[in-house]
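Below: the structure, in C-alpha cells.
Values in this text are rule-based calculations from the coordinates and carry no lab data. It should be emphasised that the depicted structure is a prediction, and the values quoted were computed from it without experimental measurement. Cβ placement follows ideal geometry from the backbone for every residue including glycine, while neighbour counts extend to all protein chains displayed.
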Amino acid sequence: MFLTATLLPLMLQAGLDPTRGGVPDYSADIQDRPPRELSIIDAPQPTSWLAQCLDQLEDEPTRAHVQAQIRRDTTNGQDRVLANHCLGLASTELGRWEEARAAFTAARQETPAEETRLRARFGAMAGNAALVTGDLPGALVLLDAARTDALAAQAGGMQGLIALDRARVLAGLEQLDAAEAALAEARMFQPDDAETRLLSATLLRRMGKLAEAQEQVEEAARLDPTAPAIGLEAGVIAILDGREEAARSSWQSVIDLSPGTEFATSAQSYLDQLGPTEQ
C-alpha cells in the first residue's frame, strides 16, 4: 500500500503533534529537553564549601543559589570560579537558564587559559543553558568555543557531548550539512549512545537519506530496544521508504511497550491513517 495523499504531508511535518500525527523531529526539542549532565565530567575536586553547596542542590536549590551568590561576590580566583560553578548548577535546578548561562560563562572566562579541560566543561554547560533558552546563535558561539577547548584538552567524552549539542543547534538553524558533520563527530566519540544514533537517523531522514537513516535507527534500536522514540522513528523511516509492514510493526511495538505515552498516541495516529491491513 502506497502513502495516501493525506498521510504524506503529515510525514513531512517537522514537529511532534499527537493530535495530527506529525512526525517527531528530535533535533527540534531544544527548549523543552532537560539540561545536559555535564557536571559529572571532569568535575573539579570539591572544597568543603563546594561539596556542601553541591549537596544542597537537589533538596535546597534556593539555599545553594543564595550561598553561591554570596561566595562569588566575596571571593576571587579559584574560589570565585567554583562559586560560579555551583551558582550555575543551582540556577539550572531552579530553571533560571539565563542566570545559569551567565554563571557558567563567568566560570569559563575566569579559569586560566591553560586549564582547557575545565574551560571546555564550563563552556559546554553555558552553551547548553543557552540552547535550553532557545538562543541558538548564542549557544553555537559558546559550544564552538567549548569544542576548541575540548580538542586542546583531548577530552573525548566531552567532545562527544559537545558535538551532540552542536548538532541540535545547527539543525535548529537549518544548517543540516553542518549538523550531519557534528553528529558524525558525536558518533566517533560515543558510538554506543542510543540518543546520538536516534538523532542521526532523524536528521538523515529529514535530509532524504533514507538508507543511511535506516542504518542509524537500527543501531539505536540495538542499543536501546524498548525506547519508544526509536520505534516511532523507525516506523517513519520505513513508511517513507515504502515498507508499510515494517512501519506497522514498529508503531505497534511502541503502543505495546509504552501505552499511554505521547509516543503511543502518535503511533496509533499513524496506524489509523493507514487504515486496516489489506488481506
Percent of C-alpha pairs per 10 Å bin, the range 123-279, short to long:
12, 34, 32, 17, 5, 1, 0
I need the peptides 50-63, 138-151 ranked by packing, meaning the mean over residues of other C-beta atoms within 10 angstrom, with the highest value on top.
138-151, 50-63
Which of the three applies to the range 143-213, rounded, prolate or oblate, going by the alpha-carbon gyration tensor with a ≥ b ≥ c and a/c under 1.5 meaning rounded?
oblate
For Asp241 and Gln175, extending 7 Å from Cα along the Cα-Cβ vector and measuring point to point gives, in nm, a value of 3.0 nm
For the pair Leu151 and Thr62, how long in nm is the line joining their label points, each one 7 Å along Cα→Cβ?
4.5 nm
Take peptides 243-251, 206-214 and line them up by average Cβ neighbours within 10 Å, highest first, as a rough protection proxy.
243-251, 206-214
Here, Thr133 and Thr75, labelled 7 Å along Cα→Cβ, have an inter-label distance in nm of 2.4 nm
Classify the range 45-114: rounded, prolate or oblate, from the alpha-carbon gyration tensor (a ≥ b ≥ c, eigenvalue square roots; a/c under 1.5 rounded; otherwise prolate if a/b is larger than b/c)?
oblate
If I stretch the segment between Glu215 and Ser249 completely, what's the gain in nm (0.36 nm per residue apart, minus their alpha carbon distance), one decimal?
10.5 nm
So what's the net charge close to Leu271: Lys and Arg +1, Asp and Glu -1, counting the other residues with Cβ under 13 Å from its Cβ?
-3
